[in-house]
Amino acid sequence: MSWVSRLQRWAPVTAVHVERVAFDTQLLQDPTIAGRGYQHGELAGYELREYLLEKWGRTCAYCGTSGVPLNLDHIRPRSSGGSDRVSNLTLACIPCNQSKGSQPIEVFLADRPLVLARVLAHAKKPLHDAAAVSSTRWALWRALTATGLPVRTASGGRTKWNRHRTGAPKSHTLDALHVGVLAHVTGWPAQVLVAAATGRGTYARTRSNKYGFPRLRLPRTKLHHGFQTGDLVRAVLVKGVHRGTHVGRVAVRSTGKFNIRTTAGLVQGTHHRHVRLLQRADGWAYTRQPEQPTT
């Protein structure tokens, strides 16, 4: 909604087109489901461990060892937000389970791409986005209607039909371009602007330890030497290990020594005298990427 209000200020918006759809999350997990199958869960007729033993062939998913004790392992670690859904569980022998620990599976199997592809092929499609869209679709429609603009709703099938009529390839950007009621599309961009929400900091004035007790206090002043954390800046360094031109988001310090997060990494200890402001922090991070249609 913040972007809708922004676009209304920048351009003469006359109507809003939006997909108001609900995703069948059970169908996303099992394309063959039908009829009474909707009444049964994925574990119908199984206990969890027996289900996983059958699903993974009673072998370790990472090394293929069989005939040894097997532990349950989270494909996406719980420390990284992984759930206890059966689609996020696999079997691992004790050495593999201990070696993997809390590493993301992409890191643990970085030197074994074929094994990584095989394990991920067994995992179910994540449903976080589908659940978010399904639960907020009506609230979004009501908020858009409250703007006073004509709001035209459509289905994903209508978007696909529009895209086929214009001959556009499949991508997130071009799908958005073809939503709703349209007669024709004269062209589409070769480069897209990606805006990611970063927030505007926190109201908390302390940092706590693992027991919940405050261990340090944060300054109340966010602006230091004319900069605040999240500003887009350019730093030109003529000497030192970081000499060169660096463009990125800054993390300010009261000492005047800033850290700059660039696409190449973190540049630490940059003095504020070498920093120039490009854009004030507005809660968003912007990058430009080439349009990459999928097949």
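Structural remarks
- Shown here: percent of Cα pairs over 30 Å apart, derived from the displayed model; of the candidates (i) 27; (ii) 58; (iii) 42, it corresponds to (ii).
- Where labels lie 7 Å past Cα in the beta-carbon direction, separation of Lys160 and Ser87 in nm: 1.8
- With semi-axes defined as the square roots of five times the eigenvalues of the C-alpha gyration tensor, the equivalent ellipsoid of the range 206-286 measures 25, 15, 13 Å, largest first.
- Exposed GluC sites (Glu not before Pro) absent: longest stretch of the chain, with sites in DSSP loops and at most 15 other Cβ within 10 Å deemed exposed: 48-290
- Loop-located chymotrypsin sites (Phe, Trp or Tyr not before Pro) in the range 175-274 whose Cβ has at most 11 other Cβ within 10 Å (DSSP): Tyr203, Tyr211
- Lys/Arg +1, Asp/Glu -1 at C-beta; the chain dipole; positive extreme among Ala146, Gly187, Gln103: Ala146
- When every Cα-Cα distance of the range 100-251 is counted in 5 angstrom steps from zero, the calculated P(r) takes the values 1, 6, 8, 8, 10, 11, 14, 15, 12, 9, 5, 1, 0 percent.
We did not get these values from a lab; they are worked out from the coordinates using the rules stated. Fair warning: this is a prediction, and the values are worked out from it, not measured in the lab. Quick reminder, even Gly has a Cβ in these numbers, built from the backbone with ideal geometry, and neighbours come from all protein chains shown.
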